[in-house]
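Presented below is the structure to which this report refers.
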Amino acid sequence: MSFCADQLARTTSIWELMLSHRFLRETRDGSIAHETFANWMRQDYLFVEAAIPFIAALIPKAPRAHRVALGKVIPALETELELFRERAEVAGVSLDDVTPSLINHGYVQFLLASAYTRSYAEAFTVLYVAEKAYYDSWSVVRDGIDKGSVWYPFVENWTSEAFKGWVEFLQRELDGLADAAGPAERQRMGELFELTAKYELAFWEMAAGGASWPGLS
Ligand code: MP5
(Lines give C-alpha, C1' and ligand atoms only; values in the text may rest on other atoms or scores of the structure.)
Protein backbone atom coordinates (compact mmCIF):
# COMPACT_ATOMS: atom_id res chain seq x y z
CA MET A 1 0.00 0.00 0.00
CA SER A 2 1.26 3.52 -0.73
CA PHE A 3 2.33 5.71 2.18
CA CYS A 4 -0.63 8.11 1.86
CA ALA A 5 -3.22 5.34 1.52
CA ASP A 6 -1.68 3.60 4.51
CA GLN A 7 -1.69 6.75 6.67
CA LEU A 8 -5.19 7.79 5.62
CA ALA A 9 -6.42 4.33 6.63
CA ARG A 10 -4.54 4.49 9.94
CA THR A 11 -6.03 7.90 10.82
CA THR A 12 -9.58 7.28 9.50
CA SER A 13 -11.21 8.09 12.83
CA ILE A 14 -9.65 11.59 12.84
CA TRP A 15 -10.74 12.23 9.22
CA GLU A 16 -14.26 11.09 10.01
CA LEU A 17 -14.49 13.52 12.94
CA MET A 18 -13.06 16.28 10.76
CA LEU A 19 -15.39 15.72 7.80
CA SER A 20 -18.50 15.35 9.94
CA HIS A 21 -17.67 18.47 11.95
CA ARG A 22 -20.62 20.73 12.77
CA PHE A 23 -18.79 23.76 11.35
CA LEU A 24 -18.75 22.15 7.89
CA ARG A 25 -22.29 20.79 8.16
CA GLU A 26 -23.71 24.15 9.25
CA THR A 27 -21.79 26.03 6.55
CA ARG A 28 -23.15 23.57 3.97
CA ASP A 29 -26.72 23.86 5.27
CA GLY A 30 -26.61 27.64 5.61
CA SER A 31 -27.38 27.54 9.34
CA ILE A 32 -23.94 28.71 10.49
CA ALA A 33 -24.02 31.86 12.63
CA HIS A 34 -22.43 34.83 10.88
CA GLU A 35 -20.11 35.42 13.84
CA THR A 36 -18.99 31.78 13.85
CA PHE A 37 -18.00 31.90 10.19
CA ALA A 38 -16.39 35.30 10.75
CA ASN A 39 -14.30 33.76 13.54
CA TRP A 40 -13.01 31.08 11.15
CA MET A 41 -12.26 33.78 8.52
CA ARG A 42 -10.24 35.91 10.92
CA GLN A 43 -8.25 32.96 12.23
CA ASP A 44 -7.66 31.37 8.84
CA TYR A 45 -6.51 34.70 7.43
CA LEU A 46 -3.68 34.59 9.99
CA PHE A 47 -3.00 30.94 9.17
CA VAL A 48 -2.69 31.64 5.43
CA GLU A 49 -0.38 34.58 6.17
CA ALA A 50 1.84 32.17 8.11
CA ALA A 51 1.71 29.57 5.34
CA ILE A 52 3.82 31.93 3.20
CA PRO A 53 6.97 31.74 5.39
CA PHE A 54 6.31 28.00 5.80
CA ILE A 55 6.49 27.47 2.03
CA ALA A 56 9.42 29.87 1.73
CA ALA A 57 11.35 27.83 4.31
CA LEU A 58 10.65 24.59 2.44
CA ILE A 59 12.07 25.83 -0.86
CA PRO A 60 15.80 25.69 0.04
CA LYS A 61 15.33 22.09 1.28
CA ALA A 62 13.33 21.01 -1.77
CA PRO A 63 14.64 18.80 -4.56
CA ARG A 64 15.12 20.83 -7.67
CA ALA A 65 12.05 19.29 -9.33
CA HIS A 66 9.81 20.78 -6.63
CA ARG A 67 11.16 24.30 -6.53
CA VAL A 68 9.05 25.84 -9.26
CA ALA A 69 5.85 24.24 -7.96
CA LEU A 70 6.51 25.49 -4.43
CA GLY A 71 7.54 28.91 -5.67
CA LYS A 72 4.17 29.29 -7.41
CA VAL A 73 2.39 28.69 -4.12
CA ILE A 74 3.55 32.04 -2.74
CA PRO A 75 1.68 34.27 -5.23
CA ALA A 76 -1.28 31.87 -5.00
CA LEU A 77 -1.39 32.45 -1.24
CA GLU A 78 -1.26 36.23 -1.76
CA THR A 79 -4.28 35.87 -4.09
CA GLU A 80 -6.00 33.79 -1.42
CA LEU A 81 -5.42 36.57 1.13
CA GLU A 82 -7.07 38.97 -1.33
CA LEU A 83 -10.08 36.63 -1.45
CA PHE A 84 -10.32 36.82 2.35
CA ARG A 85 -10.15 40.64 2.27
CA GLU A 86 -12.74 40.87 -0.52
CA ARG A 87 -15.17 38.51 1.30
CA ALA A 88 -14.57 40.32 4.59
CA GLU A 89 -15.59 43.57 2.92
CA VAL A 90 -18.73 42.03 1.39
CA ALA A 91 -19.75 40.30 4.64
CA GLY A 92 -18.84 43.16 6.96
CA VAL A 93 -16.12 41.25 8.81
CA SER A 94 -13.09 43.09 10.16
CA LEU A 95 -9.72 41.41 9.66
CA ASP A 96 -7.91 44.12 11.63
CA ASP A 97 -6.25 43.50 14.98
CA VAL A 98 -6.84 39.75 14.96
CA THR A 99 -4.76 37.70 17.38
CA PRO A 100 -4.31 33.95 16.96
CA SER A 101 -6.26 31.51 19.11
CA LEU A 102 -4.26 28.92 21.06
CA ILE A 103 -4.93 26.27 18.41
CA ASN A 104 -3.96 28.59 15.58
CA HIS A 105 -0.83 29.71 17.40
CA GLY A 106 0.17 26.10 18.09
CA TYR A 107 -0.53 24.99 14.53
CA VAL A 108 1.47 27.85 13.01
CA GLN A 109 4.43 27.21 15.36
CA PHE A 110 4.24 23.53 14.41
CA LEU A 111 4.22 24.38 10.68
CA LEU A 112 7.24 26.64 10.96
CA ALA A 113 9.14 24.26 13.26
CA SER A 114 8.50 21.44 10.76
CA ALA A 115 9.90 23.49 7.90
CA TYR A 116 12.97 24.64 9.84
CA THR A 117 13.89 21.59 11.92
CA ARG A 118 12.61 18.52 10.05
CA SER A 119 13.71 16.80 6.88
CA TYR A 120 12.12 17.87 3.61
CA ALA A 121 10.05 14.67 3.42
CA GLU A 122 8.76 15.22 6.96
CA ALA A 123 7.81 18.87 6.38
CA PHE A 124 6.26 17.93 3.01
CA THR A 125 4.05 15.47 4.90
CA VAL A 126 2.65 18.37 6.93
CA LEU A 127 2.00 20.36 3.74
CA TYR A 128 0.17 17.46 2.10
CA VAL A 129 -2.08 16.76 5.09
CA ALA A 130 -3.01 20.45 5.55
CA GLU A 131 -3.96 20.77 1.86
CA LYS A 132 -5.75 17.42 1.68
CA ALA A 133 -7.72 18.31 4.83
CA TYR A 134 -8.94 21.54 3.21
CA TYR A 135 -9.80 19.87 -0.09
CA ASP A 136 -11.81 17.16 1.67
CA SER A 137 -13.43 19.53 4.18
CA TRP A 138 -14.60 22.07 1.62
CA SER A 139 -15.80 19.24 -0.64
CA VAL A 140 -18.23 18.32 2.16
CA VAL A 141 -19.48 21.93 2.17
CA ARG A 142 -19.73 22.02 -1.64
CA ASP A 143 -22.20 19.12 -1.62
CA GLY A 144 -25.22 21.15 -0.55
CA ILE A 145 -24.28 24.79 -0.01
CA ASP A 146 -26.38 27.43 -1.79
CA LYS A 147 -24.22 28.82 -4.61
CA GLY A 148 -25.53 32.27 -3.73
CA SER A 149 -24.07 32.03 -0.22
CA VAL A 150 -21.70 34.82 0.71
CA TRP A 151 -19.24 32.08 1.76
CA TYR A 152 -19.39 30.18 -1.56
CA PRO A 153 -16.15 31.65 -3.00
CA PHE A 154 -14.23 29.84 -0.24
CA VAL A 155 -15.78 26.57 -1.41
CA GLU A 156 -14.69 27.31 -4.98
CA ASN A 157 -11.17 28.17 -3.81
CA TRP A 158 -10.47 24.81 -2.14
CA THR A 159 -12.55 22.50 -4.37
CA SER A 160 -11.47 23.83 -7.77
CA GLU A 161 -10.01 21.45 -10.37
CA ALA A 162 -6.70 23.29 -9.97
CA PHE A 163 -6.64 22.74 -6.21
CA LYS A 164 -7.67 19.10 -6.65
CA GLY A 165 -4.78 18.63 -9.08
CA TRP A 166 -2.38 20.26 -6.60
CA VAL A 167 -3.45 17.87 -3.82
CA GLU A 168 -3.05 14.90 -6.19
CA PHE A 169 0.43 16.13 -7.13
CA LEU A 170 1.34 16.44 -3.43
CA GLN A 171 0.06 12.92 -2.79
CA ARG A 172 2.08 11.36 -5.62
CA GLU A 173 5.21 13.21 -4.59
CA LEU A 174 4.76 12.35 -0.91
CA ASP A 175 4.40 8.66 -1.81
CA GLY A 176 7.67 8.95 -3.74
CA LEU A 177 9.44 10.66 -0.84
CA ALA A 178 8.20 7.95 1.54
CA ASP A 179 9.43 5.19 -0.80
CA ALA A 180 12.88 6.79 -0.74
CA ALA A 181 12.89 7.29 3.06
CA GLY A 182 14.38 4.82 5.52
CA PRO A 183 12.20 3.22 8.20
CA ALA A 184 13.01 5.80 10.92
CA GLU A 185 12.18 8.78 8.70
CA ARG A 186 9.06 7.05 7.43
CA GLN A 187 7.99 6.52 11.03
CA ARG A 188 8.48 10.23 11.79
CA MET A 189 6.50 11.11 8.63
CA GLY A 190 3.65 8.96 9.94
CA GLU A 191 3.73 10.76 13.30
CA LEU A 192 3.60 14.16 11.58
CA PHE A 193 0.79 12.95 9.33
CA GLU A 194 -1.35 12.12 12.35
CA LEU A 195 -0.42 15.27 14.26
CA THR A 196 -1.33 17.50 11.31
CA ALA A 197 -4.70 15.75 10.93
CA LYS A 198 -5.32 16.37 14.65
CA TYR A 199 -4.46 20.06 14.24
CA GLU A 200 -6.90 20.28 11.32
CA LEU A 201 -9.69 18.76 13.41
CA ALA A 202 -8.80 21.08 16.30
CA PHE A 203 -8.93 24.08 13.95
CA TRP A 204 -12.58 23.32 13.01
CA GLU A 205 -13.35 22.87 16.69
CA MET A 206 -11.83 26.27 17.44
CA ALA A 207 -13.62 27.83 14.45
CA ALA A 208 -16.95 26.58 15.79
CA GLY A 209 -16.26 27.17 19.47
CA GLY A 210 -14.42 30.49 19.55
CA ALA A 211 -10.90 31.85 19.60
CA SER A 212 -10.51 32.91 23.22
CA TRP A 213 -7.59 31.45 25.16
CA PRO A 214 -8.32 29.03 28.01
CA GLY A 215 -8.76 31.02 31.22
CA LEU A 216 -9.43 34.28 29.40
CA SER A 217 -12.89 35.29 28.25
C1 MP5 B 1 -5.40 25.33 4.94
C2 MP5 B 1 -5.86 26.52 5.52
C3 MP5 B 1 -5.13 25.20 3.48
N4 MP5 B 1 -6.07 27.62 4.78
N5 MP5 B 1 -6.15 26.54 6.85
C6 MP5 B 1 -5.96 25.45 7.60
C7 MP5 B 1 -6.25 25.50 9.06
N8 MP5 B 1 -5.52 24.30 7.07
C9 MP5 B 1 -5.24 24.23 5.75
O10 MP5 B 1 -3.96 25.87 3.18
P11 MP5 B 1 -3.89 26.91 1.95
O12 MP5 B 1 -2.47 27.28 1.96
O13 MP5 B 1 -4.83 28.03 2.31
O14 MP5 B 1 -4.35 26.15 0.74
Considering only residues that are of a type in the set (A, V, I, L, M, F, W, C) and away from the ligand (no atom under 16 Å from the Cβ), look in region 163-209 and name the one that is surrounded by the most Cβ atoms within 10 Å (Cβ to Cβ). Met189
Among the residues of region 1-29, the number that are open to solvent by 60 Å² or more (accessible area, probe 1.4 Å) and not in a helix (DSSP H, G or I) is 2
Any residue at all in region 53-67 that is among the β-branched types (Val, Ile, Thr) and exposed (fewer than 13 other Cβ atoms within 10 Å of the Cβ)? no
So Leu192 ticks every box in (1) farther than 19 Å from Ala115 by Cα; (2) not in a loop (DSSP other than H, G, I, E, B) but one. Which box is left unticked? (1)
Has region 75-91 got at least one residue that is aromatic (Phe, Trp, Tyr), within 18 Å of Ser160 (Cα to Cα) and touching a residue at least 12 places away in the same chain (Cβ under 8 Å)? yes
All but one of (1) touching a helix residue (DSSP H, G or I) at 6+ places or on another chain (Cβ under 7 Å); (2) more than 30 Å from Asp175 (Cβ to Cβ) hold for Glu82; which doesn't? (1)
Do you know which residues across region 119-140 are crowded, with 19+ Cβ neighbours inside 10 Å, over 15 Å from the mean Cα position of the chain (by Cα) and not small (Gly, Ala, Ser)? Glu122
Take Val140 and tell me if it is within 15 Å of Met41 (Cα to Cα), β-branched (Val, Ile, Thr) and modelled with pLDDT of 95 or more. no
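The values are calculated or read from the model by the stated rules, or taken from the named source; none is laboratory data. Predicted model, so just to flag it, every value in this text is computed and none were measured. Backbone-built Cβ (ideal geometry, glycine too); neighbour counts: all protein chains shown. Heavy atoms of the whole protein, side chains included, go into the accessibility calculation; ligands, DNA and RNA do not. Shrake-Rupley method; radii C 1.70, N 1.55, O 1.52, S 1.80 Å.
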